[in-house]
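Comments concern the structure below.
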Amino acid sequence: MTTMTETRAAPSGAPGTTFDAIVIGAGMSGLYQLIRLRELGLSAPVFEAGTGVGGTWYWNRYPGCRFDSESYSYGYSFDKDLLQEWSWSEHFAPQPETERYLNRVADKYDLRRDIQFNARVKAAEWDEASRSWTVTLEDGSRHRARFLITAIGALSAPTMPNFPGIGDFRGQSFHTGLWPKEPVDFAGKRVAVIGTGASGVQTIQEVAKTARELVVFQRTPNWCAPLGNGRITPEEMEQIRARYDEIFRRCEETFSCFLHTPMDKGAFEVSEEERNAILEKLYNERGFGIWVGNFKDMLTSREANRVISDFVANKIRQRVKDQQVAEKLIPKNHGFGTRRVPLETKYYEVYNQPNVTLVDTRETPIERITATGIRTSERDYEFDIIVYATGFDALRGAFDRIEFRGKDGVALKEMWKDGATSLVGMLQDGFPNMFMLLGPHAALGNIPRSIEFNVDWVTRLLRHMQANGLTRAEATPEAMAKWMDHVMEVAQGLLSMEVDSWMTGVNVNVEGRQVRRVARYTGSAPAYRAWAEDIAARGYAGLALS
């Protein structure tokens, strides 16, 4: 492996420039991976489609966008000095603060000198003879590297709905995942929000404060729970700094890397009175405890899930004055926690405001977007602004938007046409020297905790190759088959696998995403890490190294 540090001063390179590695994406994964590659002495540009760092926190700047992981459990853990230097202002930081944080990291490590912005990757092709990847940008420039590392995110490919007439609308329109940097003024405006997933819920809460009229178009209601956000005082921040080792140790131990983890008892192992008291406590606490810190059988037992769903449904009925509206906001086709649970701040109270209307598009479907607004099967609505909170082509969408070709010119998209595969979410047979950070079947949950593990695992593999004069690494079909058997096994019996959602690979707005699949790893983060660490401990068993 040759080190070419002279290329660092000009990460874009000239056409045909060769590097040790190429990283796609300057979000949390890409920034951390660049830091680690430099420690190995490797030349590595990062190609980023945006004009700044941050990934999710660069593109998603819609009103109300913020963490739903506690801020102090979300940031990087690898830099002890940074942990002591940085102060979080809220328990769940808003997008502008998180973007500032990631820019602080980029500044501290002088990362921008190796990042080319406005550089969207169009294609990447493996050449067996030279054991290298050729990466082609949309501007036509081509760059080569021994290793290719994708840091393109699990939720980074926005999808628009398939309504006719979207281009006809004469007002302003925005997708939450492609929000402009310039402020959008909703004051006194007639606003439509299409979608009530996590980004829709956060947007609706904010827009309702100033819009003259807000109409929410909901296809499928989601179970939402209180965020419980609040300011962090300087005294609290000092206490948090003193507990960082404990906080990150806790994240390593829990099922999904949050500060919360399922209880060791089932819903019917306690009395009804005690069960309701526990649920009341969880409902009023900060963060995801009500979802990922609930009874251990909530996501496997229909009876347990039913009583918990009934509890949350009654909370919605208590918070929404119009009971007809309340019933429309209560999911009837899935139980609590079987889809991603948006966390909210007075979301349900929004529907008590006279300027807010809820439209159930299952009752009155949207037929088209018009020049002046939205037409449903019932009537025409006029708007000044339309917000599309219609989510992402999750997990593999960002991979499908790049033409990856591995050995013998095989396309990754074709290989994955019946569902993505991987080895621990980081490698794919037929695609040597390509390492996926947060690829299919990596551990999700509190994402930065998985990011740091994945980056460190890839870095250790590269160090091992460096030390042993190896230039090629590829997952073996046998190891992948064994891993995928495990992925399928841990998904058995989960109620979430019976529900259409991005977590089961379903997206009605994307061709070929209408069939449920085991699209993600549903086991625990500790189990995931143990599997990946076992591969490394056995001399990277399951990888063909040469």
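What to note about this one:
- Debye, to nearest 20: dipole size of region 391-546, +1 on Lys, Arg Cβ, -1 on Asp, Glu Cβ: 280 debye
- Selection among C251, I240, V216 by position relative to the dipole of region 215-262 gives V216 as farthest towards the positive end (Cβ unit charges, Cα centre).
- For region 128-205, the solvent-accessible area with a 1.4 angstrom probe is 40 square angstrom per residue.
- Ranked from largest to smallest solvent-accessible area, with a 1.4 Å probe on the protein heavy atoms, M160, M497 come out as M160, M497.
- Distant-in-sequence amide H partners of T370 (H built 1.01 Å from N, under 5 Å): R375
- Solvent-accessible ranking of I152, I369, largest area first, probe 1.4 Å: I152, I369
- Helix 525-537 and the longest principal axis of the C-alpha atoms of the chain enclose an angle of approximately 10°.
- Å² of accessible area per residue within region 360-464, as computed with a 1.4 Å probe and no ligands counted: 33 Å²
- Placed amide H near I22: partners under 5 Å, 5+ positions off or other chain: F147, L148, I149
- Rolling a 1.4 Å probe over the protein chains gives Y244 an accessible area of about 10 Å².
- Residues with amide H under 5 Å from that of I115, placed H, sequence gap 5 or more: V46
- Computed FRET value (nearest 0.05) for R100 with S271, which takes r as the C-beta separation and R₀ as 56 Å: 0.70
- Region 252-301 shape via C-alpha gyration tensor axes, a/c threshold 1.5: oblate
- The aspartates and glutamates within cross-link reach of K265, meaning a Cα-to-Cα straight distance under 16 Å and a gap of 8 or more places when in the same chain, are E273, E274, D297, E303.
- Probe 1.4 Å, accessible area per residue of region 253-334, Å²: 51 Å²
- Cα-based helix-to-principal-axis angle, 95-108 vs the chain, degrees rounded to 10: 20 degrees
- Sum of side-chain charges, R516 neighbourhood, beta-carbon under 13 Å (Lys, Arg +1; Asp, Glu -1): +1
- Projected label distance in nm at K181 and E246, using a 7 Å step from Cα toward the beta-carbon: 4.2 nm
- Cα-based reach from K315 at 14 Å (exclusive), listing aspartates and glutamates while leaving out same-chain residues under 8 positions away: E280, E327, E344, E349
- Packing rank of 195-203, 71-79, where each peptide gets the mean count of other beta carbons within 10 Å, highest leading: 195-203, 71-79
- Region 53-91 residues near the modelled T233 label - backbone nitrogen below 17 Å, point 7 Å along Cα→Cβ: 88-91
- Charge dipole (debye, nearest 20) of region 228-370; +1 at Cβ of Lys and Arg, -1 at Cβ of Asp and Glu: 460 debye
- Degrees separating the helix 198-207 axis from the principal Cα axis of the chain, which is the longest one: 50 degrees
- Surface listing: V46, V518 arranged by accessible area from highest to lowest gives V518, V46, probe 1.4 Å.
- DSSP-defined beta bridges in the chain - what % are antiparallel, rounded to 5: 40 percent
- From the coordinates shown, Cα extents along the principal axes in Å corresponds to which of (1) 73, 64, 45; (2) 105, 75, 42; (3) 69, 58, 49: (3)
- Loop trypsin sites (Lys or Arg not before Pro), region 163-202 (other Cβ atoms within 10 Å of the site Cβ: 12 or fewer; DSSP): R170, K181
- Links that overshoot a 28 Å alpha carbon limit, given the list K181/K209; K181/K332; K122/K407: K181/K332
- Region 43-118, accessible surface, carbon-and-sulfur percent (1.4 angstrom probe): 47 percent
- Cα gyration tensor shape for region 442-546, rounded if a/c is under 1.5, else prolate or oblate: prolate
- Potential extension, A536-F117 segment - 0.36 nm per residue separation minus Cα distance: 147.4 nm
- FRET E, pair M415, R219, Förster distance 35 Å, beta-carbon r, rounded to 0.05: 0.65
- Apolar share of the accessible surface for region 212-285: 47 percent from carbon plus sulfur atoms, 1.4 Å probe.
- Computed from the C-beta positions of A527 and Q323 and an R0 of 56 Å, the FRET efficiency is 0.80 to the nearest 0.05.
The values are calculated or read from the model by the stated rules, or taken from the named source; none is laboratory data. These numbers come from a predicted model, not from an experiment. Heads up, the Cβs are rebuilt from the backbone with ideal geometry, glycines too, and the neighbour counts pull from every protein chain shown. To get the accessible areas, we keep the full protein, side chains included, count just its heavy atoms, and leave off ligands, DNA and RNA. Shrake-Rupley method; radii C 1.70, N 1.55, O 1.52, S 1.80 Å.
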